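Asker: This is the structure I have questions about; it appears just below.
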Ligand SMILES: [Cu+2]
């Protein structure tokens, strides 16, 4: 075989290897992501249930579950108050639940809280496995993100 022919075959071979290499399983990919530094880990952890969390330009918020979190669906409630201690519901709040130890496996994606007739924000959270869980809260006013925080809890 000529030098040129050999180089061509080598090139073709490399191309084929690249093309037919099977894609990594999404399972192993999520584990890889979990082991790398994850941006979610940099989101500050909120204060415990029932405590006031300052919310810039608004006032503060308080969160709690409707029951001790356990397997099944629990309801996360968030109440937002302004500086005059009035309950307000003009913000949009999204919650994203997952297990930090296996990030991506139980990711709910961003789900909007719904405001009930008391002006409280409610979000169902599905607990499908015992272990450590988180809900990432994002508070928006229009397009502007006012606050992001993580609720951590164990089931
Ligand atoms: Cu899990």
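Asker: Check 40, 24 and return the single one that is in contact with a strand residue (DSSP E or B) (Cβ under 9 Å, 6 or more places away or on another chain) and modelled with pLDDT under 95.
Answerer: 40
Asker: With (1) within 18 Å of residue 50 (Cα to Cα); (2) without any contact (Cβ under 8 Å) to a residue 40 or more places away in the chain as the list, and residue 122 as the residue in question, which single condition is left unmet?
Answerer: Residue 122 satisfies every listed condition except (2).
Asker: Among the residues of the range 47-67, write down those that are touching a strand residue (DSSP E or B) at 6+ places or on another chain (Cβ under 6 Å) and either part of a strand (DSSP E or B) or closer than 13 Å to residue 150 by Cα (or both).
Answerer: Hits for the range 47-67 are 47, 49, 53, 54, 55, 59, 60, 61, 62, 63, 64, 65.
Asker: Another question, then. Return the only residue of 105, 90 being more than 15 Å from residue 153 (Cα to Cα) and away from the ligand (no atom under 16 Å from the Cβ).
Answerer: Only one candidate qualifies: 90.
Asker: Let me ask something additional. Give 72, 119, 50 a once-over and let me know the one that is more than 26 Å from residue 38 (Cβ to Cβ) and within 16 Å of the ligand (Cβ to nearest atom).
Answerer: 72
Asker: Go through 106, 90 for me and flag whichever is surrounded by fewer than 16 Cβ atoms within 10 Å (Cβ to Cβ) and closer than 21 Å to residue 68 by Cβ. Can you show your working first?
Answerer: On the way: 90 fails: closer than 21 Å to residue 68 by Cβ.
Within the list 106, 90, the selection yields 106.
The values are calculated or read from the model by the stated rules, or taken from the named source; none is laboratory data. Bear in mind the structure is a predicted one, so any value in this text is a computation, not a measurement. Reconstructed Cβ throughout: ideal geometry from the backbone, glycine too, with neighbour counts over all protein chains shown.
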